[in-house]
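Student: A single structure is presented below for examination.
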Amino acid sequence: MNYLIFLIIPLFIFFSNYFIIKNKYFSNFSGDSHQKYLGTKNTPLIGGIFLILFLSIIFIEKDLKFYTFLALIFLLGLFSDLKILSVPSRRLFYQFILVILFVSFSSLNTISTRIIFIDNALQNYYLGIFFSTFCLIILINGTNFMDGLNGLVLTYYLIVTALLFKLDLLIGLNFTDLDSAYLCYLLFVMIIFNFSNKFYLGDSGAYLLGLLIGYMLIKLHNYNPNISPYFIVLLLWYPCFENLFSIIRKFKVGRSPVSPDSNHFHQLLFYFLKKETKFSNLACNNYSSIIINFYNFVILSFGSFNIYNTQLLVILTLINMIIYTVIYSRLFKFKYKILISDKK
């Protein structure tokens, strides 16, 4: 890879995206009704395609086996975007099969929890594989759940990647400084196009990023066991808690945990801004994403100065979950108060 790629990336994305929109390719799948905030029918779900193409520059030579699994999880997401695989429970089943094979073939060691009896149990080979698989499945689907606003997923993972780059923690993953800069640059360029509503990430992109970042962080901790595992937990708190929280609230109302809805945190925040401001839908969409990621940037940055302090990292994670739950409750009440008043 050379520096020319930094020029090729934005030009390739710009011209290929223009060609796709002009010729109305993929225009039949611009997102389900619970994902559409902007009313457009011409915004294709092709972010994952750009990711898988350009990630080949980093991974094909360094780790072909890993790139193969990235390609497979991308294809699973692409089939979902194309409505070839539209049943959520089937997608979850195929995810499980693919991820458990990935964990087995990649020999991903389970991250220590620093809770003795749990760590002792995870010494069992099969329990260790199941636990790693479970963590990655939660992350992949949490990433997909939070992919409802322009730039939300891409910016969140840019923050995570940039912090790891700043801390020189990507070096242990066989990343050169140029590789790390390239990955951050790729995400940054995609954010610009995503914020401009030129394309959406799609299930293919969300699945791909979830597996990529999850793998990187597990490997990071394997290479740096002195780092508190709760630093990894903090870096991933939002997508993982978004998933777990969604499962719990859907169970409470008797809905399938894999069924889509419009009551995710970011969707409620968008609704609040839409009702309480005079901003356009696009502005409310982007501002919601910026607000969420600004908060996460502050919290994750603070945690990055204390990567060995387990107690502080646990406290930060718990504070995040409490703040999320309290604000979610208020946003939820606001939405349904408005809906009830509108019906009257």
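Student: Please state which one of Leu85, Leu78, Leu51, Leu101 is closer than 21 Å to Leu158 by Cα and either in a loop (DSSP other than H, G, I, E, B) or at pLDDT 85 or above (or both).
Tutor: The conditions single out Leu51.
Student: Provide a single number: the residues in region 63-117 that are farther than 23 Å from Phe231 by Cβ and in contact with a Pro (Cβ under 8 Å, 6 or more places away or on another chain).
Tutor: Total satisfying the criteria: 1.
Student: Just the residues that are surrounded by fewer than 24 Cβ atoms within 10 Å (Cβ to Cβ), hydrophobic (A, V, I, L, M, F, W, C) and in contact with a helix residue (DSSP H, G or I) (Cβ under 7 Å, 6 or more places away or on another chain), please, taken from region 192-211.
Tutor: Across region 192-211, the qualifying residues are Phe193, Phe195.
Student: Scanning region 307-344 for residues that are in contact (Cβ under 8 Å) with a residue 60 or more places away in the chain and of a type in the set (S, T, N, Q), which turns out surrounded by the most Cβ atoms within 10 Å (Cβ to Cβ)?
Tutor: Thr317
Quick grid of which residues meet (1) outside any helix (DSSP H, G or I); (2) over 25 Å from Cys184 (Cα atoms):
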position: Pro225; (1), (2): yes, no
position: Gln267; (1), (2): no, yes
position: Leu273; (1), (2): no, yes
position: Phe279; (1), (2): yes, yes
position: Ile291; (1), (2): no, no
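Student: Please count how many residues of region 297-306 are β-branched (Val, Ile, Thr) and in contact (Cβ under 8 Å) with a residue 12 or more places away in the chain.
Tutor: Total meeting the criteria: 1.
Student: Got a number for residues in region 106-165 being under 18 Å from the mean Cα position of the chain (by Cα), in a loop (DSSP other than H, G, I, E, B) and not polar (S, T, N, Q)?
Tutor: Looking only at that region, the number is 5.
Student: While we're looking at this one, here's another question. Report yes if Ile9 is of a type outside the set (Ser, Thr, Tyr), modelled with pLDDT of 70 or more, outside any loop (DSSP other than H, G, I, E, B) and touching a helix residue (DSSP H, G or I) at 6+ places or on another chain (Cβ under 9 Å), otherwise no.
Tutor: For Ile9, the condition - of a type outside the set (Ser, Thr, Tyr), modelled with pLDDT of 70 or more, outside any loop (DSSP other than H, G, I, E, B) and touching a helix residue (DSSP H, G or I) at 6+ places or on another chain (Cβ under 9 Å) - is met.
Student: Can you tell which of Asn174, Asn144 is crowded, with 24+ Cβ neighbours inside 10 Å and modelled with pLDDT under 95?
Tutor: Asn144
Student: Continuing with this model, one more query. What tally of residues in region 200-222 results from selecting those that are among the polar types (S, T, N, Q) and either at pLDDT 95 or above or within 21 Å of Phe14 (Cα to Cα) (or both)?
Tutor: Residues flagged as among the polar types (S, T, N, Q) and either at pLDDT 95 or above or within 21 Å of Phe14 (Cα to Cα) (or both) within region 200-222 amount to 1.
Student: Among the numbered conditions (1) part of a helix (DSSP H, G or I); (2) at pLDDT 85 or above; (3) not charged (D, E, K, R), tell me where Ile21 comes up short.
Tutor: (2)
Student: Among the residues of region 184-198, which ones are under 14 Å from Leu152 (Cβ atoms), in contact with a Leu (Cβ under 8 Å, 6 or more places away or on another chain) and assigned to a helix (DSSP H, G or I)?
Tutor: If the condition is that a residue be under 14 Å from Leu152 (Cβ atoms), in contact with a Leu (Cβ under 8 Å, 6 or more places away or on another chain) and assigned to a helix (DSSP H, G or I), then Leu187, Met190, Ile191, Asn194 are the ones that fit.
Student: Restricting attention to region 143-157, which residues are aliphatic (A, V, I, L, M) and touching a Gly at 6+ places or on another chain (Cβ under 9 Å)?
Tutor: Across region 143-157, the qualifying residues are Val153, Leu154.
Student: Which pairs do you get when a residue that is more than 11 Å from Val103 (Cα to Cα), found in region 115-140, comes within reach of a residue that is of a type in the set (Phe, Trp, Tyr) and in a helix (DSSP H, G or I), reach meaning Cβ atoms under 6 angstrom, with the pair 6+ apart or on two chains?
Tutor: Between residues of region 115-140 that are more than 11 Å from Val103 (Cα to Cα) and residues that are of a type in the set (Phe, Trp, Tyr) and in a helix (DSSP H, G or I), the close pairs are Leu122/Phe131; Ile140/Tyr207.
Student: If you don't mind, another one. In region 60-93, how many are free of Cβ contacts under 8 Å to residues at least 12 places away in the same chain and either of a type in the set (D, E, K, R) or buried (at least 18 other Cβ atoms within 10 Å of the Cβ) (or both)?
Tutor: So the answer is 2.
Student: Would you be able to say whether some residue in region 216-233 is under 12 Å from the mean Cα position of the chain (by Cα) and buried (at least 22 other Cβ atoms within 10 Å of the Cβ)?
Tutor: no
The values are calculated or read from the model by the stated rules, or taken from the named source; none is laboratory data. Predicted, not measured: the structure shown is a model, and the values here were computed from it. Every residue, glycine among them, receives a Cβ derived from its backbone with ideal geometry; neighbour counts consider all protein chains shown.
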